[in-house]
1. Do we have any residue at all in segment 179-186 that's modelled with pLDDT under 95, among the charged types (D, E, K, R) and part of a strand (DSSP E or B)?
2. Look through segment 197-244, keep the residues that are open to solvent by less than 30 Å² (accessible area, probe 1.4 Å) and among the aliphatic types (A, V, I, L, M), and return whichever of them is farthest from the chain's Cα centre (by Cα).
3. In segment 140-196, which residue that is open to solvent by less than 80 Å² (accessible area, probe 1.4 Å), of a type in the set (D, E, K, R) and within 25 Å of Ile224 (Cβ to Cβ) is nearest to the chain's Cα centre (by Cα)?
4. Loosely packed, with under 14 Cβ neighbours inside 10 Å and either of a type outside the set (D, E, K, R) or at pLDDT 90 or above (or both): does that describe Thr44?
5. I'm trying to understand the selection: among the residues of segment 116-138, which are over 24 Å from Pro225 (Cα atoms), open to solvent by less than 50 Å² (accessible area, probe 1.4 Å) and among the aliphatic types (A, V, I, L, M)?
6. Based on what the data block shows, is Tyr68 within 12 Å of the chain's Cα centre (by Cα) and either in a strand (DSSP E or B) or among the charged types (D, E, K, R) (or both)?
7. Could you check Asn199 against (1) in a strand (DSSP E or B); (2) in contact (Cβ under 8 Å) with a residue 24 or more places away in the chain and say which number it fails?
8. Quick check, is Phe39 surrounded by 16 or more Cβ atoms within 10 Å (Cβ to Cβ), at pLDDT 75 or above and assigned to a strand (DSSP E or B)?
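The values are calculated or read from the model by the stated rules, or taken from the named source; none is laboratory data. This is a predicted model, so every value here is computed, not measured. Ideal geometry is used to build each Cβ from the backbone, glycine not excepted, and the neighbour counts take in all protein chains shown. Surface areas here come from the heavy atoms of the whole protein model, side chains and all, with no ligands, DNA or RNA. Shrake-Rupley method; radii C 1.70, N 1.55, O 1.52, S 1.80 Å.
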Amino acid sequence: MRDLLKVVLASGLFLLANNTFAQDEEEVLDTSWNGVGEFGFVSTSGNTDTQSLNLRLEFTKATENWRYRLAGAALSSSKDGNKDAERYQAEMQADRKLNEKSYLFGVYRYDADKFGAYDPQQSITAGYGRELMKSETHVLNGEVGVGYKKSKAVSTGVTEDEMIGRFLLEDAWAITPSTEWKNRLLVELGSDNTFTQFNTGLVVSMNDRFAVKLGWEYRHNSEIPVGVSDKTDTTTTANLVYNF
């Protein structure tokens, strides 16, 4: 819970700073925040009692020269009353547009995985992004940058610092007017550890506000501390989506 409060506090400060910084850019464009929320809950009882809860929120805002993105996620699951997964994630990003296709970015990422290899991982990176492809049904964006990362091992409590390279590919494909397939691949490449996260999801809209989403997440650390058995975690979700 303490980590969740940290994420909420950091998110609030980020929103306040961005609203103040973007006032001069709000002459023409609609600069209101747009958002999407996801919620999924599964509970089973009988021979085995399980509960699983996952939440996702994402807010975006665009001015004439700037774009902002604020995203957060939480996952919690338990089996027979014993918690076996707890994870909190947050990303805060600001993009300075260079032209219609290119931009410079700065991003902060926070990842607290109570049952994983590292709790938390924090990174700050900056670099260059570009729209690689755009059609009526498909958009593909890419980013490359460098930065700094700090990771604390769950099993030993040792904190490691390293320089990293950041690589991102993100695309959205409108398969039909009501069905969209979204993918996001993030790689933070370091000398001590390389973190890879891949998210894919199929979103089916019911109306302008509500949709259902089937998603899958892959997370991998190339190096893990002593006492941690798995380098890879995967999560499958079925969520209700609300656009606001």
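1. no
2. So the residue we want is Ala211.
3. Residue satisfying both the conditions and the ranking: Arg184.
4. It is true that Thr44 is loosely packed, with under 14 Cβ neighbours inside 10 Å and either of a type outside the set (D, E, K, R) or at pLDDT 90 or above (or both).
5. If the condition is that a residue be over 24 Å from Pro225 (Cα atoms), open to solvent by less than 50 Å² (accessible area, probe 1.4 Å) and among the aliphatic types (A, V, I, L, M), then no residue fits.
6. In short, no.
7. (2)
8. No.
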